[in-house]
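Right, one structure below, let's go through it.
The values are calculated or read from the model by the stated rules, or taken from the named source; none is laboratory data. If you're wondering where the values come from, they're calculated on a predicted model, not measured in any experiment. Cβ coordinates were reconstructed from backbone atoms using ideal geometry, including for glycine residues, and neighbour counts include every protein chain displayed. Just the protein is used for accessible areas: all its heavy atoms, side chains included, with ligands, DNA and RNA removed. Shrake-Rupley method; radii C 1.70, N 1.55, O 1.52, S 1.80 Å.
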Amino acid sequence: MEKLYQSLDSLYEEIVQLRRYLHQYPELSFREVHTPRYIAEYHEKLGHRVRTNVGGNGVVAYLEGGKPGPTVAMRADFDALPIKEETGLSFQSKNDGVMHACGHDAHTATLLGLAKALNGIKEELKGTVVFIHQHAEEVIPGGAKSMIEGCSRLD
């Protein structure tokens, strides 16, 4: 655990930059195109097996540990809201009328950072870690339902 904590500490600035980048390019539910591609490419660079277009725009990535063990899943959402951002931040939304006002940019950045940290100790990990990146969380019935329907199994 100490190695994991140290890795997460060392990734802090990268996670902040991931969040700010995602914050600048928010996408509405079921209209996510750039974000799932960005997430998939991040995982692919880490060497994770990646499934895209899960139930629409969802992404599922797999980190195989170096030792046998259970499968654990972690989830983050990545859609935004139809709100005009007027914060004046240097990383303010570049998509007019769309904003990450509910933290999904932070959820995604945190999960990507954790994926990278865990990847650094993968030989010590027991089992598999599944990273579920859900699209369309903000609308009913939402992306979770379509992702579940789009997967017979999340492996």
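Things to note:
- Test: residue in the stretch 63-85 that is farther than 19 Å from GLU124 by Cα, outside any loop (DSSP other than H, G, I, E, B) and of a type in the set (S, T, N, Q): no
- Condition check for ASN53: touching a Pro at 6+ places or on another chain (Cβ under 7 Å) and of a type in the set (S, T, N, Q): no
- Evaluated against (1) farther than 14 Å from GLY58 by Cα; (2) touching a residue at least 12 places away in the same chain (Cβ under 8 Å), GLN134 falls short on exactly one condition, (1).
- Index of the failed condition, THR71 passing every other in (1) closer than 19 Å to MET147 by Cβ; (2) open to solvent by less than 30 Å² (accessible area, probe 1.4 Å): (2)
- Candidate set: the stretch 1-46, residues that are assigned to a loop (DSSP other than H, G, I, E, B) and within 27 Å of GLU64 (Cβ to Cβ); chosen: the one farthest from the chain's Cα centre (by Cα): MET1
- Among the candidates VAL33, VAL54, VAL16, residue that is crowded, with 19+ Cβ neighbours inside 10 Å and modelled with pLDDT of 95 or more: VAL54
- LYS3 meets the conditions (1) surrounded by 14 or more Cβ atoms within 10 Å (Cβ to Cβ); (2) at pLDDT below 95 in every case but one. The failed one is (1).
- Taking every residue in the stretch 47-61 that is without any contact (Cβ under 8 Å) to a residue 40 or more places away in the chain and pairing it with any residue that is part of a strand (DSSP E or B) and open to solvent by 60 Å² or more (accessible area, probe 1.4 Å), at least 6 positions away or on another chain, the pairs with Cβ-Cβ distances below 9 Å are ARG49/GLU64.
- Here the stretch 96-112 is the region considered, the condition is being touching a residue at least 12 places away in the same chain (Cβ under 8 Å) and among the small types (Gly, Ala, Ser), and the residue that is least open to solvent (accessible area, probe 1.4 Å) is ALA109.
- Residue under evaluation ILE83, criteria (1) touching a residue at least 40 places away in the same chain (Cβ under 8 Å); (2) among the hydrophobic types (A, V, I, L, M, F, W, C); (3) within 22 Å of VAL139 (Cα to Cα), criterion not met: (1)
- Out of GLY142, GLY120, sole residue that is touching a residue at least 12 places away in the same chain (Cβ under 8 Å) and either of a type in the set (S, T, N, Q) or closer than 20 Å to ASP79 by Cβ (or both): GLY142
- Residue satisfying all of: in the stretch 113-153; of a type in the set (D, E, K, R) and either modelled with pLDDT under 95 or not in a helix (DSSP H, G or I) (or both); surrounded by the fewest Cβ atoms within 10 Å (Cβ to Cβ) among these: ARG153
- Cβ-Cβ distances below 6 Å connect the following pairs, each with a first residue in the stretch 15-42 that is over 15 Å from GLY58 (Cα atoms), a second residue that is at pLDDT 95 or above and open to solvent by 70 Å² or more (accessible area, probe 1.4 Å), and a separation of six or more residues or different chains: GLN24/LYS94.
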